[in-house]
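The values are calculated or read from the model by the stated rules, or taken from the named source; none is laboratory data. Just so it is clear, the model here is predicted, and its values are computed rather than measured. Using ideal geometry, Cβ is built from the backbone for each residue, glycine included, and neighbour counts are taken over all protein chains shown. Side chains included, ligands, DNA and RNA excluded: accessible areas come from the protein's heavy atoms. Shrake-Rupley method; radii C 1.70, N 1.55, O 1.52, S 1.80 Å.
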Amino acid sequence: MSGSDLGDFEDEVSDVTGTDGQEADGFDRMDTDPPSPQGLGVVCAGDGIEVGDDPRLKAYVTVGNREGIRVGRYLVVTYPDDEVLLTRIGGLRYAQQFDTDDANEIQARRAMKSDGVDEADYKFIASLEAVAVVSGDDRRMPDRVPKPNASVERATDKGAMKTGLDIPSDGVFVGHLAVGGRKVRTSASPPTIDYRLHDDYGDAEPLVFRHTLIAGGTGSGKSHNAKNVLRQFLGSRYRVDGARRRPAVVVFDPQNEYAQMHDDPDVDDETKRRWEAEGVEYGGYEDTTAFVPDVDGFDYDANHRAPQIEFSVPFEMADENPWLLAGAELSEQQTMVLRTLLTDYFRAADEPTYEDFSDFVMDPANAEEYIETGRAHEATYNALKRKVAENPIFSRVFDQPAPPVTDDEILDRFVRPGALSVVPTYHVTKSRAEEVVVLALASLLVDNKLSTGGRENIKETPLVLALDEAHNFLADTDTAQGRVIKGRFAEAAKQGRKERLGLFLITQDPGDIADPVFKQVNTRIALNLGDEDAIRSLNIPSELEDRVPYMGKGEMVVYSPDNSEPVEVVGLPDAVTRHD
C-alpha cells in the first residue's frame, strides 16, 4: 500500500470523545489531580517490594506530579508509624497503561500531529534506591520493607534529610546538597541543606587529619572551592596535648592564587548576610604570609597584598635528604654512589655549600681515588659530574642570598597556630627547580611533625599541608627519589591522626598520585573531569561517577565514607576571599 493510499489519516480516524466530555464508548474520562505539595505517588508491588541484598522498590508517580521528577532526587516513603525511608531516584521509565502496541505507522503519525502525550495513557515508574530508615534524629540501614501503596513524598524535612544522609550538623562548610547541579530545597529556612565535614572530637577524629583530595579539570572551579574550604579550616580549633589550637595551613602554590586569601572578596552585603546565617567563614585572612623561594634568575611578581618573606634552600638539607639531588635522571647505581659522595663530603665540610660540593666531585684527585678504589665505576662517576656537580638547576636553587628556610626565625614564622603560609612557585619556571623547592620544604615540615625530636612549634601545632598540582610531586614513579617521596608521605598520611597532620591534595590527575598516599585519603571531592581513567581512579560509587563529566563549574561529588553518604554538592558561587 502506498502513502497516498493511506491518506493523512484525518478522515480515517474518528473522534473518540463525545460532546459531554465522555469517551465514545460511554466511559467517564478520568480526572487528573493537580500536583500535590508533597505526595507524588505510591509504592507499587507489581514486581515485588524488597529491601536487603537484592532490593526492589518502585513507585507509581501520579499524572499531576510527573513534571520536575529527575533521577537523583530524594524522596521519602512513609511507614504506618512515624518512621520514613529516605530514598534516591535511581531510574525513571514510562510503561503502557493498557495492553496496546504503539509501534505502528498509524499511531506514529497520530502522535506526530498531536500537541503532546496524554499522561493518563501511561504509567510513570520511579525506581528508588533505599538510603536509610529515619526515626527522629536516628538513622539505620534499610531493614524494613514499605507497605504496598505506601505514600511516596518529596523529601522536604531538612533535619530528616541530614539525618538520613548522615551529614554532620556542624563542621567545615563545603557547599549545599544538590541534584543535577541544583540545590536541594526543603521547607526549612534557609531552605538549602548545608554540607559539612566532621570537625569535632565526638565518635571520631576530625576529618582534616584523615586527609582530603580535590580533583577537577581546568575551569571546574577547583582552586575556587579549595580556597573556600581552606578558609573554613582556618576558623577551626583542634586538640593537641589537651589544649585546643587553631591550625597552621601551609599551601604550596604553583599557580600564584592562594596568597590572595589575604585580601577581601568583592561581594555584596546580601551575600555576606547569607554566609553569616549559615556560619560560613569569609573575608580576607589577615594572618597570611607569602614565603617566596629565592631562586637565581626568577623574580616574583605579587598579585596580592599579603606580606612577603623571602627564603632560600640551604645545601645542608641534602645531608639528610640526598634524594633532593637524585632526580628521575639518576639510575640506582648512580644514586648509591651519590650517597657515598655526600656522606664523605658532609663528614669533612665545615660550612657545606653546593658550590663546594661541586668542586669536591669535580676534583680530579677525588675522582681518581673513588674510581681506583672501586667505590665508583668511571662511567658512573662521570655521569654524576654531569648530572649533579655541573647541574645549573642546583646552582640556582641552593644557597641563595635570602635567609635559609632552616633558620629559627623563618620556621617560627612559617608554622604558627592560625597562620596561613603560602609558598608561591609560579615564578620558578624550571620544573626541576620548583620540585626541589617544594619537596625540600614539605619534607622539612613532615620530618619535624613525625620525628620525636622535631621542632616544638611544628610538633605542637595542628598542621594542614596543602599541595596544589599534587600529581607533579607525589607521582607513582619507580625511581630512587620517587620511592623515598612515596614512603615519606605515605607514612605522614598514616600518622596524620596521631600527629595532627592533614594532607590537602589538589590535582587534575588523581590517578597519578602514588597509591600508598592515595589509599590514606578519606575525603575525595570530584569536580568536573573529562578523562575516564582519572574519574575511575577516584573510586567513587558508580551512580555518582557517571555524573562527573557532566557537572558544571563548582558542582562536585563528595565521597567521604567516615562523614556521610556519597552525595552531590554545589559549592558557593562566590569565593569567600579574593579569587581573580
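A few comments on the model shown:
- Simple spin-label estimate for Thr406 and Glu372 gives 3.3 nm between the two label positions (7 Å along the Cα-to-Cβ direction from each Cα).
- For the chain, the carbon plus sulfur part of the accessible surface works out to 44%, probe radius 1.4 Å.
- The angle separating the long axis of helix 222-233 from the principal Cα axis of greatest extent in the chain is about 80 degrees.
- Under the criterion of Cα pairs below 8 Å and six or more residues apart, the relative contact order for segment 476-563 equals 27 percent.
- The stretch between Tyr426 and Lys519 holds 30.6 nm of extra length on full extension. This uses 0.36 nm per residue minus the Cα-Cα distance.
- Positive-end residue, the chain charge dipole about Cα centroid, Cβ charges, pick of Ala349, Thr212, Tyr74: Ala349
- Rel. contact order, % - alpha carbon contacts under 8 angstrom, at least six apart, the chain: 18
- FRET efficiency for the Ala95 to Arg536 pair, using the beta carbon distance and R₀ = 25 Å, is estimated at 0.15.
- Dipole of the chain, positive end: most advanced residue of Ala126, Asn321, Thr577 [Cβ charges, Cα centre]: Asn321
- For segment 116-132, putting each phi into the Karplus relation 6.51 cos²θ - 1.76 cosθ + 1.60 with θ = phi - 60° gives couplings of x, 9, 7, 4, 5, 7, 9, 8, 10, 10, 10, 7, 10, 9, 6, 9, 6 Hz, in residue order, rounded to whole numbers and with x for Gly and Pro.
- Working from Cα pairs under 8 Å separated by at least six residues, relative contact order for segment 141-254 is 18 percent.
- Within straight-line cross-link reach of Lys147, lysines at Cα separation under 18 Å, skipping those fewer than 8 residues along the same chain: Lys58
- A simple rule links phi to the HN-Hα coupling: the Karplus curve 6.51 cos²θ - 1.76 cosθ + 1.60 with θ = phi - 60°, which for segment 252-264 gives 8, 10, x, 10, 6, 10, 7, 5, 5, 5, 5, 9, 6 Hz, with x for Gly and Pro.
- Applying both filters, DSSP loop and at most 14 other Cβ atoms within 10 Å, to the trypsin sites (Lys or Arg not before Pro) of segment 482-545 gives Lys519.
- Applying 0.36 nm per residue to the separation of Glu278 and Arg144 and subtracting their alpha-carbon distance, the gain on full extension is 44.8 nm.
- Each of Thr523, Thr373 has its accessible area taken with a 1.4 Å probe; listed largest first, they run Thr373, Thr523.
- Segment 498-535 residues near the modelled Ala475 label - backbone nitrogen below 15 Å, point 7 Å along Cα→Cβ: 508-515
- With eigenvalues of the C-alpha gyration tensor scaled by 5 and rooted, the chain, Å: 61, 27, 21
- Taking a sphere under 14 Å around the Cβ of Lys494 and counting the other residues whose Cβ falls inside, with K and R at +1 and D and E at -1, yields a net charge of +4.
- The tail of the calculated P(r) for segment 410-486, taken as Cα-Cα distances beyond 18 Å, holds 46 percent of the pairs.
- Cα centroid separation - segment 209-224 against segment 263-301, whole Å: 17
- Proximal lysines relative to Lys430, as straight alpha-carbon distance under 20 Å, when same-chain residues fewer than 8 apart are discounted: Lys387
- Spread over its residues, the convex hull of the C-alpha atoms of segment 219-266 is 94 Å³ per residue.
- Here the dipole of segment 275-353 is about 340 debye; that uses its Cα centre as origin and unit charges on the Cβ of Lys and Arg (positive) and Asp and Glu (negative).
- Summed side-chain charge close to Pro293 - residues other than Pro293 whose Cβ falls under 10 Å, Lys, Arg +1, Asp, Glu -1: -3
- Placing +1 on the Cβ of every Lys and Arg and -1 on the Cβ of every Asp and Glu, with no other charges, gives segment 345-432 a dipole of roughly 680 debye about its Cα centre.
- Amide hydrogen neighbours beyond the local backbone of Tyr195, cut-off 5 Å, H modeled: Val174, Gly175, His176, Leu177
- Projecting the Cα atoms of Gly221, Val428, Gly482 onto the dipole axis of the chain, where Lys and Arg carry +1 and Asp and Glu carry -1 at the beta carbon, places Gly482 farthest toward the positive end.
- Annotation: Cα Rg of segment 347-413 relative to the compact-globule expectation 2.2 N^0.38 Å equals 1.40.
- Think of each Lys and Arg Cβ as +1 and each Asp and Glu Cβ as -1; about the Cα centre, that makes the dipole of the chain roughly 1520 debye.
- Cross-linked pairs Lys183/Lys553; Lys459/Lys498; Lys222/Lys449; Lys222/Lys272; Lys486/Lys519: Cα-Cα separations exceed 18 Å for Lys222/Lys449; Lys222/Lys272.
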